Amino acid sequence: MTDADRTASLASSSQPYASLHPEVILNAVESVGFPCDGRLFALNSFENRVYQLGVLDGDPVVAKFYRPGRWSEPALLEEHAFAQALARREIPVVAPIADGQGATLHAYGGFRFALYPRCPGRAPELDDPETLRWMGRFLGRIHAVGALGPFTHRPSLDVRTFGEDPSQFLLRHDFLPPDLRATYESVVADVLERVRRCYARTGPVRMLRLHGDCHPGNILWSEGGPHFVDFDDARMGPAVQDLWMLLSGGHDEMSAQLGAIVEGYRLFYDFDPAELQLIEPLRTLRMIHYAGWLARRWADPAFPANFPWFNTQHYWQDHILALREQAAVLDEPPLALSALGR
């Protein structure tokens, strides 16, 4: 299959945002009662399209235009309802702005969109134990709310959705170079079996509503502490999913960081130590899912332009090597909490 054939097969429209011109963006925001002053800045986002707009006689707003076909309307409304429930409890999340009728999801020009307040901030200092404890406190509060009820229209994070489905997509659509296809298929099957064994050793996993993509880029720090942005990947999953992406460094460093986070977390919600066995499995699933995500979006011109290293021979060689290394890590003892978080 040629690149042109593969691109044509991946999406009904290769340019989902081709008609999202500046005039459409400005008119969409004004249609829900925010007169714009003409200032329009594109913000860093690839899955959706996000813009900051100046408002006459008011604070700027951020408009998120959702990728067509990704989420159903009920799934988007579940995300909004979750963020609003957190905000009502004074948990520092950036929730969508409701109009006079209480609506948070709007439509204009064939796009669904939502408006958010502009909340500036900087990256958190994750080498500071007090910062990590602060983050843990807020994550514990988020999960206490997340445990009150399930999502019914959004998927769960599990081996199928983050491992089996994306790897099969890559194989079905011939993204793997012919000389690496069999190797990838064997390696991914091996690591997924090891992931399943880790889940089996963990025992029953408590699933709750999560942020889902709680990496440092989705946390902004201000004088008042952290606030969490972008609940676009909110889904059902184990609590540790929202914790492990805040860890970095060697084994001892990550253990100390996790101890600080859990110390704060347990002030508001219980942490199950059995979930420590899921940190490396979840990291492995994220690696597989990320490759599948890039492949699913490869028909969007923004992706080849911004990820030129993807889908090259070198990329797939490195990806297979990284999965092999993860296979070894999955058989090692799990990360332990430092004395701080016991």
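Each reported figure results from applying straightforward, stated rules to the coordinates on display, with no laboratory input. Remember, it's a predicted structure, so these values are computed and weren't measured experimentally. Counting neighbours? That spans all protein chains shown, and the Cβs are built from the backbone with ideal geometry, glycine included.
Once you have the Cα-Cα distance between residue 196 and residue 322, take 0.36 nm times their residue separation minus that, and quote the gain in nm to one decimal.
On the way: separation 126, 0.36 × 126 = 45.36 nm, distance 1.83 nm.
In short, 43.5 nm is gained.
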Summing -39500 (n - 2.57) over the DSSP H runs of n ≥ 4 in the chain and dividing by its residue number, what mean residue ellipticity at 222 nm do you reach, to the nearest 500 deg cm²/dmol? -13500 deg cm²/dmol
I want the local charge near residue 162. Using Cβ-Cβ distances under 14 Å, sum +1 for each Lys or Arg and -1 for each Asp or Glu among the other residues. +1
Between residue 31 and residue 223, how many nm apart are label points set 7 Å from Cα along the C-beta direction? 3.9 nm
Listed peptides 136-148, 244-256 by packing density, highest first (mean Cβ within 10 Å): 136-148, 244-256
Which whole DSSP H helices in the chain pass both tests: a Cα extent of 30 Å or more along the axis and a mean Kyte-Doolittle value no lower than -0.5? 178-202
Between residue 164 and residue 183, with labels modelled 7 Å along Cα→Cβ, what's the label distance in nm to one decimal, could you check? 2.7 nm
Reduced to Cα centres, the span from the stretch 32-56 to the stretch 137-160 in Å works out to 29 Å
Which of the GluC sites (Glu not before Pro) across the stretch 185-248 are loop residues per DSSP, with 11 or fewer other Cβ within 10 Å? 223
Most packed first (mean Cβ within 10 Å per residue), the peptides 211-221, 15-25 order as 211-221, 15-25
For the stretch 305-326 and the stretch 67-119, what is the separation of their Cα centres, given in Å? 35 Å
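Between residue 251 and residue 118, what is the FRET efficiency for a Förster distance of 25 Å, r being their Cβ-Cβ separation, to the nearest 0.05?
E between residue 251 and residue 118, to the nearest 0.05, is 0.05.
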Tell me the trypsin sites (Lys or Arg not before Pro) within the stretch 189-221 that lie in a loop according to DSSP and have at most 14 other beta-carbon atoms within 10 Å. 206
